[in-house]
């Protein structure tokens, strides 16, 4: 049986043919990896927050509602509704947006208050008006609800079009 020899090679030592880390070096490595993961996580969170702020900024701006735009929306919606019906669904999510696009951060929607549409701003308000003008007369219903709860607080809002 060959003798096991150790030679000091900086923070790592050689045991036979294999290099291994000392316990102190391994702890340092673990701490560095943990710091790197945390740093990457913070960078990812910062990028996600930046993207969310850009989305809010975009969705606060209304779009020009022309006859061509209305026709385009109707075509797109018809495809989604038909697809959902073919799957046996009786509703489809048509919009998801940050609760900051509601003047009360989604409180009225969360509490099912009848005047919740009055809290909408930007494109969500336009979507509600589109439903009221074009879909409600055809007996489609619109449901608004909070769909996520980051940190236990209301998060994004979603609009669902239903036909049951």
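Of note:
- Within the range 97-112, the presence of a residue that is at pLDDT 90 or above and over 24 Å from the mean Cα position of the chain (by Cα) is excluded.
- Boolean, residue 98 is surrounded by 14 or more Cβ atoms within 10 Å (Cβ to Cβ), under 24 Å from residue 153 (Cβ atoms) and assigned by TED's automatic domain parsing to the domain that holds residue 74: yes
- Filtering the range 132-157 to residues that are surrounded by 15 or more Cβ atoms within 10 Å (Cβ to Cβ) and closer than 22 Å to residue 86 by Cα leaves 135, 140, 142.
- When residue 72 is tested against the conditions (1) in contact with a strand residue (DSSP E or B) (Cβ under 6 Å, 6 or more places away or on another chain); (2) exposed (fewer than 14 other Cβ atoms within 10 Å of the Cβ); (3) not in a strand (DSSP E or B), the lone failure is (1).
The values are calculated or read from the model by the stated rules, or taken from the named source; none is laboratory data. Keep in mind it's a predicted model, so treat the numbers as computed, not measured. Positions of Cβ are generated from backbone atoms using ideal geometry, with glycine treated the same way; all protein chains shown enter the neighbour counts.
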